[in-house]
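Reviewing the structure listed below.
The values are calculated or read from the model by the stated rules, or taken from the named source; none is laboratory data. Model, not experiment: these values are computed from the prediction. Cβ: placed from backbone, ideal geometry, glycine included. Neighbour counts: every protein chain shown. Only protein heavy atoms, including side chains, enter the accessible area calculation; ligands, DNA and RNA are left aside. Shrake-Rupley method; radii C 1.70, N 1.55, O 1.52, S 1.80 Å.
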Amino acid sequence: MKDSASRAHKSRTLAVHAGTRRSQYGEVSEAMFLTQGFVYDTAEAAEARFLDGGREDFIYARYGNPTVAMFEDRIAAIEGTEDAFATASGMAAVNGAMMSLLRAGDHVVAARALFGSCLYILEDVLRRFGVEVTIIDGTDLDAWRSALRPDTKVAFFETMSNPTLELIDIRAVADLAHAVGATVVVDNVFATPTYSRALDLGADVIVYSTTKHIDGQGRCLGGVICGTTEYIRKVAEPYLKHTGGSMSPFNAWVMLKGLEHMDLRVHAQTETADRIARALDGHAKLTRVLYPHLAGHPQHDLALRQMERGGTMLAFDLGSKEAAYRFLNALEIIIISNNLGDAKSIATPPYTTTHQRLPEAQKAALGITPGLIRLSCGLEDPDDLLADILRALDHA
Ligand SMILES: *Cc1c(COP(=O)(O)O)cnc(C)c1O
């Protein structure tokens, strides 16, 4: 049951070894403890475990499970946080992080460029329970300055937004939020744990949908909340374990194995995204190409400061829905779907799918136009992908 990686090791070593708990059989690959419950030798042992169970004293999988604990310790080690709690999906993580921190009468400030379900939690769920929510343009630091108040409990934003790859200055927003005593909660999916510097830059709670780059092969839903042990075990865990948001041991095993090669995948996918973005920049059929490390990105300087690389996602605009659909329907390798971070490259038309229900004015404000395509770069050969895209653009 020894953890064979220390926090001093680098990320790729941690991704392979951190958090490992070996059973009495000394297995090499992490065991999948596909069990809901645990057996006690005596009635007294059962009583003792319910009274005063530590992290290794498992009683029920909704409370904790050895495979899930391995995943939590491994991702915490990679992210650099003291602890983590794994959840059933990315949305269970966002909901758990927010609901566990907030109560009626509290105030939240959130950036407007958000995943649809995050917006539902902020605008519907939290408001229904008496939390006041102010939604602002997160790229505008003056908007943060005027929205944050002494009673603001949480500042929430996606560090890189979906689908237009807007960046938020984590350091600047964290400084402003901390000045009023607010907790900074970030959804860090697009930055990925590989390129994340969220903790160093001042985020207090870092949330991932592990469905994306951490699984990386489109199999399981999952999420994780990373933070201090105090926050994770005393605030987030009680809420999540009693309301049913815990990750299944099977999914935790998939995520644990996904972490072993996440870094390699994300670097390769980023290499491809960077190359495709540069090849498409200025293409006659495109009105714009969005990629954080392209010189033309509106927040290029911030992107260079905040992210070592531009990430695995890019977006481009064909100017109209008709052209976008002709492009999508002409693709031969890249599939049309809505996941991201997968080994398979995926093209998404956000205007008519993931963001379909957003009011027209909000789509316009966020730059979600009918011709926009979001591309998640996979692990295929980049030459083949680029050829597929250029050929489909000819048809558009
Ligand atoms: C996918 C995603 C989520 C939700 O994650 P699920 O695992 O689908 O619940 C939240 N935020 C962002 C940025 C995402 O991409």
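Please work out the C-alpha center-to-center distance from the range 278-348 to the range 183-236 and express it in whole Å.
24 Å
Which percentage, to the nearest 5, of the DSSP beta bridges contained in the range 262-395 is antiparallel?
Percentage antiparallel, nearest 5: 85.
With everything on Cα atoms, drop me the angle between helix 249-280 and the longest principal axis of the chain, reported from 0 to 90° to the nearest 10.
Relative to the chain, helix 249-280 is tipped by roughly 20 degrees.
Can you give the calculated 222 nm mean residue ellipticity of the chain, where each DSSP H run of n ≥ 4 adds -39,500 (n - 2.57) and the sum is split over every residue, rounded to the nearest 500 deg cm²/dmol?
Calculated mean residue ellipticity at 222 nm is -11000 deg cm²/dmol.
For the range 3-258, which whole-number percentage of the solvent-accessible area (1.4 Å probe, protein heavy atoms only) is attributable to carbon and sulfur atoms?
53 percent
List the lysines whose Cα sits under 20 Å from the Cα of LYS321, skipping any in the same chain fewer than 8 residues away.
Those lysines meeting the cut-off are LYS285, LYS363.
Considering only SER100, SER248, SER23, give the residue with the highest GNM mean-square fluctuation for the chain, with springs between Cα atoms whenever their separation is below 10 Å.
Answer for the Gaussian network model of the chain: SER23.
Pull up all non-local amide H partners of ILE336: gap of 5 or more, or a different chain, and H-to-H distance under 5 Å with H placed in the peptide plane.
Excluding prolines and chain starts, which carry no amide H, the hits are ALA347.
Under 16 Å Cα to Cα from LYS212, which lysines show up? Leave out anything in the same chain fewer than 8 places away.
Of all the lysines, those that pass the test against LYS212 - Cα under 16 Å, at least 8 places apart if same chain - are LYS257, LYS344.
Can you run phi through the Karplus equation (6.51, -1.76, 1.60; θ = phi - 60°) for the range 126-140 and list ³J(HN,Hα) in whole Hz, with x for Gly and Pro?
4, 5, 4, 9, x, 9, 8, 10, 10, 9, 10, 7, x, 7, 9
I'd like the distance between the alpha-carbon centres of the range 357-392 and the range 130-154, rounded to an integer number of Å.
What the calculation gives is 30 Å, centre to centre.
Within 10 Å of each candidate Cβ there may be at most 15 other Cβ atoms; applying that plus a DSSP loop requirement, which trypsin sites (Lys or Arg not before Pro) in the range 83-176 survive?
Those satisfying the criteria are ARG103.
Taking H as built 1.01 Å from N, whose amide H comes closer than 5 Å to the amide H of ILE59, not counting residues under 5 places away?
Counting only residues 5 or more places away or on other chains, the set is GLY64.
I'd like the Karplus ³J(HN,Hα) series for the range 86-94: coefficients 6.51, -1.76, 1.60, θ = phi - 60°, whole numbers in Hz, and an x wherever there's a Gly or Pro.
Taking θ as phi minus 60°, the curve returns 8, 10, 5, 7, x, 5, 4, 5, 4 Hz for the range 86-94.
Residue by residue through the range 227-243, what is 3J(HN,Hα) from phi via Karplus (6.51 cos²θ - 1.76 cosθ + 1.60, θ = phi - 60°)? Round to whole Hz and write x for glycine and proline.
3J(HN,Hα) across the range 227-243, in whole Hz: x, 6, 4, 4, 5, 5, 7, 9, 10, 6, 4, x, 4, 6, 6, 8, 10.
Just for the chain, what percent of DSSP beta bridges are antiparallel, to the closest 5?
In the chain, approximately 55 percent of DSSP beta bridges are antiparallel ones.
Would you mind calculating the relative contact order of the chain from Cα pairs under 8 angstrom and at least 6 residues apart, reporting the percent as a whole number?
Result for the chain is 16 percent.
Mind checking which of GLY319, GLY53, GLY367 has the largest fluctuation in a GNM of the chain, springs on alpha carbons under 10 Å?
Among GLY319, GLY53, GLY367, the largest GNM mean-square fluctuation belongs to GLY53.
How big is the chain in terms of Cα radius of gyration and Dmax, in angstroms?
21.4, 75
Which whole number in µm²/s is D for the range 245-296 by Stokes-Einstein, with the Kirkwood Rh taken over Cα pairs at 25 °C and 0.890 mPa s?
Roughly 179 µm²/s, to the nearest whole number.
If the elastic network links every pair of Cα atoms under 10 Å, which of PRO292, PRO238, PRO193 fluctuates the most in the Gaussian network model of the chain?
Checking each option, the largest mean-square fluctuation is seen for PRO238.
On average, how much accessible surface per residue is there in the range 262-395, in Å², for a 1.4 Å probe, leaving out ligands, DNA and RNA?
Accessible area per residue, the range 262-395: 42 Å².
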